[in-house]
Each structure stands twice: as C-alpha cells, then as structure tokens.
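Some notes on the structure that comes next.
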Amino acid sequence: MDTEYVRSRFIKHFDGTSGFLYASPGRINLIGEHTDYNGGFVFPGAVDKGMIAEIKPNGTDKVKAYSIDLKDYVEFGLNEEDAPRASWARYIFGVCREMIKRGVDVKGFNTAFAGDVPLGAGMSSSAALESTYAFALNELFGENKIDKFELAKVGQATEHNYCGVNCGIMDQFASVFGKAGSLIRLDCRSLEYQYFPFHPEGYRLVLMDSVVKHELASSAYNKRRQSCEAAVAAIQKKHPHVEFLRDCTMAMLEEAKADISAEDYMRAEYVIEEIQRVLDVCEALEKDDYETVGKKMYETHHGMSKLYEVSCEELDFLNDCAKEYGVTGSRVMGGGFGGCTINLVKDELYDNFVEKTKAAFKAKFGRSPKVYDVVIGDGSRRLE
C-alpha cells in the first residue's frame, strides 16, 4: 500500500499538515468454513493487503473524513443521532460510537484513507477498515486501554449495530491479531487462539476470484444454520451435554439419522468433518506437511459443494482446473455462492496454472477470473 499517496491526499484535503498513519490487513481463511456458528474452529491469517488511514485530532467535536478511493468527503458528529448516510462513513462512525461506549473519550479528527483489499473477493475490506480506526482511536484518545480482543469486538459490534451485518468475530480478529508467517486457530466457542507456523517454502498462495456473487446467499445461509440446529436438537435427546455440532461425533449423528431430514444430516456431516479438518491441518503445519494441508483443502471443497451445497458452477470449475493442473490444494473460500477459490500451488506450477485456468474459465464463462497473490502479513499497527 502506498503510504505517501495517502499522506499527500490527507495534506491536500485538510490543513496542509500531516497526522499519524495506521494500517490493518484483510484476511484469508485457509480452512474451516461454516464452523464458527457451530462452536468449532476457524483458521485465518492476515494478508499483505489492507487499509491505510491518516488521522489527526482536529480540536472540534466533528469527524471530517475523506475516502480517497471513492473521492467522497463526509462530516459527522459523535452522538448517536449524527450517523452519516454514506455507507462507507458508517463504518468509521460505528467504530467511534463503539469506542465511546467502552469509555474512550473520542474527539473530532480529520482522516483520509485508502485500501488495496480487493472488494468482493472475500478478504474482508470492511473488517480492515474497522480495525484500523479502532486501533488508532484507542491510541490517540484511549491511552491504549482497550485490549486487542475488545478492539476486534468493536469492529464486530460496528457491523451489527451500524451496518446491518450479523457477522462473527473471525474477520476482525484476524485483522487485529495477524502475524507475518503465522496462521491463527481461533476456537469460536471459548475464543482461545493459537498461532501456527505458515512458511510454505516452494509454494504460493493464490486466490482465483470467480467475479460472481449469487444473490441467494443470505437466505441459504440461514437455512443451513437451521439444519445444524435441527441436527443438534436431535442428538441432544440421547446426549444432553451436546451444545453445538462441535461436541458431536459422526457416530452420534448416525444415531440421530432417523430423526432428521436427509438434508439436515448432510449439512451436519460436513460441519463435523470440517471441524476435524482444521485440527488435522494444524497438525500438518507443525510438521511442514503441505501435501496433507492441500489434501484437506480439496476435501473441504468437496464437502462444501456436495454436502453443504454452497458452491456454484464457477467455483467447482476453478477447483477442477486446480486438480487438472497439479495444484496441491484448492477450495472455495468464505460462505460460498461465489467469490474465490484459495489455492496452494507449487512455485514451478504457478504460471501454467494461472495462465491455463484463466483461458479455460474465459472460454466457458465469457470473462476472466481475477488473480490475487497472497502473503501472510501483520495485523493492526501504527506505521510511524
């Protein structure tokens, strides 16, 4: 990201002086999809793309914000009734309000920001934006009294209360806690976390963006949550200690098979297996066993496509291309119904994979997928 460019825009749009530069990354999730609301594990890492903001207290009770990418300027106060109309500004306003609720005496400031997280690619540009401002306001107005986990919750609460998105904690958590060369296993039940080494020497991580988003995603997501809850309710009859699918084995699910629909059974089967796959991948990474990591990624894609049924024709095609061109691991990343595949590719196969997949995808769907190389990077920080 270009810090000098952000600074030059800030100086131009405000009083000619500079402030403080802060950054937060987007994220990928190597494995562990639809496990979060089932009490399981996710396995994200911060990436080398994100948001940069320059911020300077302005001595007033107004925030003056400029989006460099959108070329849009908004001013707003810091009371609940001052919520701005522009959707991008609501993220900043929401973070201000959530920090105030936690006892930080946020005052007015000038800010300009820009990002290089690809929009719509499932790398969480909104979480990067929230984490940047939460981290900055904690330092500028809060004497760093809010701990990092609470900063992640500030971003999550901003989504819930000001942006209308009922998201989990993973995106903001990865953005705040990211560490170069490490992925983070987050236990979505206890919120305990552990870093695992990610040094794929001889391999590259690359996202293939299908550039498609199917509209049924939110209603289909709710249906799948209901399936998981139905399976848990049936299992609880014999195993009252069970709270989430995280607590279930395939044997328990098999016992309850007669009491649930075939669809609910398939959904639960995917989740139980996926929670185990996260643990298997963590174990493989501790041995630098990237072949096992890749195998588990393919298993996840199969489960998401055939059991959870959240893939789509374009994503299945990208996954098939990965297999055909010798890619070590590939799967749909994120909630599904569009977006990206994440691919673990040997260096020597990379060029051939990208070139041939782009050509094959264009021949079939009439457009090229977008390609994003990913390096695992650091979390929220002040740049100077």
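The values are calculated or read from the model by the stated rules, or taken from the named source; none is laboratory data. These figures come from a predicted structure and were not determined experimentally. Cβ coordinates were reconstructed from backbone atoms using ideal geometry, including for glycine residues, and neighbour counts include every protein chain displayed. Please note that ligands, DNA and RNA were not included when accessible areas were found on the heavy atoms of the full protein model with its side chains. Shrake-Rupley method; radii C 1.70, N 1.55, O 1.52, S 1.80 Å.
Taken over segment 306-333, the criterion of being outside any strand (DSSP E or B) and among the polar types (S, T, N, Q) is satisfied by Ser311, Asn319, Thr328. Tell me, yes or no, whether segment 349-361 has at least one residue that is among the β-branched types (Val, Ile, Thr), crowded, with 17+ Cβ neighbours inside 10 Å and in contact with a Gly (Cβ under 8 Å, 6 or more places away or on another chain). No, every residue in segment 349-361 fails to be among the β-branched types (Val, Ile, Thr), crowded, with 17+ Cβ neighbours inside 10 Å and in contact with a Gly (Cβ under 8 Å, 6 or more places away or on another chain).
Taking segment 123-154 as the range and being open to solvent by 40 Å² or more (accessible area, probe 1.4 Å) and either in contact with a strand residue (DSSP E or B) (Cβ under 7 Å, 6 or more places away or on another chain) or among the aliphatic types (A, V, I, L, M) (or both) as the test, the residues that pass are Phe135, Glu139, Leu140. The C-beta contact set for segment 258-283 (first residue closer than 18 Å to Gly39 by Cβ, second residue open to solvent by 40 Å² or more (accessible area, probe 1.4 Å) and not in a helix (DSSP H, G or I), distance under 6 angstrom, 6+ apart or interchain) comprises Cys282/Arg185. When the criteria are applied in full, Gly336 meets the requirement of being in a loop (DSSP other than H, G, I, E, B) and either open to solvent by less than 40 Å² (accessible area, probe 1.4 Å) or free of Cβ contacts under 8 Å to residues at least 40 places away in the same chain (or both).
Listed by position, the strands (runs of 3 or more DSSP E) inside segment 164-256 whose residues that are open to solvent by less than 30 Å² (accessible area, probe 1.4 Å) and out of contact with any helix residue (DSSP H, G or I) (no Cβ under 6 Å at 6 or more places or on another chain) number at least 2 are 182-187, 203-213.
Evaluation of Ile68 against the conditions (1) open to solvent by less than 20 Å² (accessible area, probe 1.4 Å); (2) touching an Asp or Glu at 6+ places or on another chain (Cβ under 9 Å); (3) within 22 Å of Val95 (Cβ to Cβ) shows that the sole unmet condition is (2). Of the residues that make up segment 108-128, is at least one free of Cβ contacts under 8 Å to residues at least 60 places away in the same chain, farther than 24 Å from Gly339 by Cα and not aromatic (Phe, Trp, Tyr)? Within segment 108-128, one or more residues are free of Cβ contacts under 8 Å to residues at least 60 places away in the same chain, farther than 24 Å from Gly339 by Cα and not aromatic (Phe, Trp, Tyr).
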